[in-house]
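Undergrad: Sharing a structure, written as structure tokens. Questions coming.
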Amino acid sequence: MTGDRLVRLAEDTFKNSATELNEIYRQQMREQFDFYYLTLTVDLRPGGGCEVLQLKIQSALKMEPTEESGA
């Protein structure tokens, strides 16, 4: 099992952490967008004599239909 996680953020998430959202973010969460917090595990193991100078991550996220989405 990896430590990768995808957590949907909602107004309650921020209330429970004592973080205040401004009105624009609250409105977007209610009416316009779904916000998520994503963690990815990265394990870098360069070979002998190598060093990592830069890391570039490129991701394509794909929505899967769920019962909630009505698909």
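Undergrad: How many residues does the range 1-41 hold that are open to solvent by 80 Å² or more (accessible area, probe 1.4 Å) and in contact (Cβ under 8 Å) with a residue 12 or more places away in the chain?
TA: Total satisfying the criteria: 11.
Undergrad: Is it the case, given these coordinates, that THR13 is at negative phi and at pLDDT 85 or above?
TA: yes
The values are calculated or read from the model by the stated rules, or taken from the named source; none is laboratory data. Computed from a predicted model, the values in this text were never measured in an experiment. Quick reminder, even Gly has a Cβ in these numbers, built from the backbone with ideal geometry, and neighbours come from all protein chains shown. In case anyone asks, the SASA skips ligands and DNA or RNA and just uses the protein heavy atoms, side chains included. Shrake-Rupley method; radii C 1.70, N 1.55, O 1.52, S 1.80 Å.
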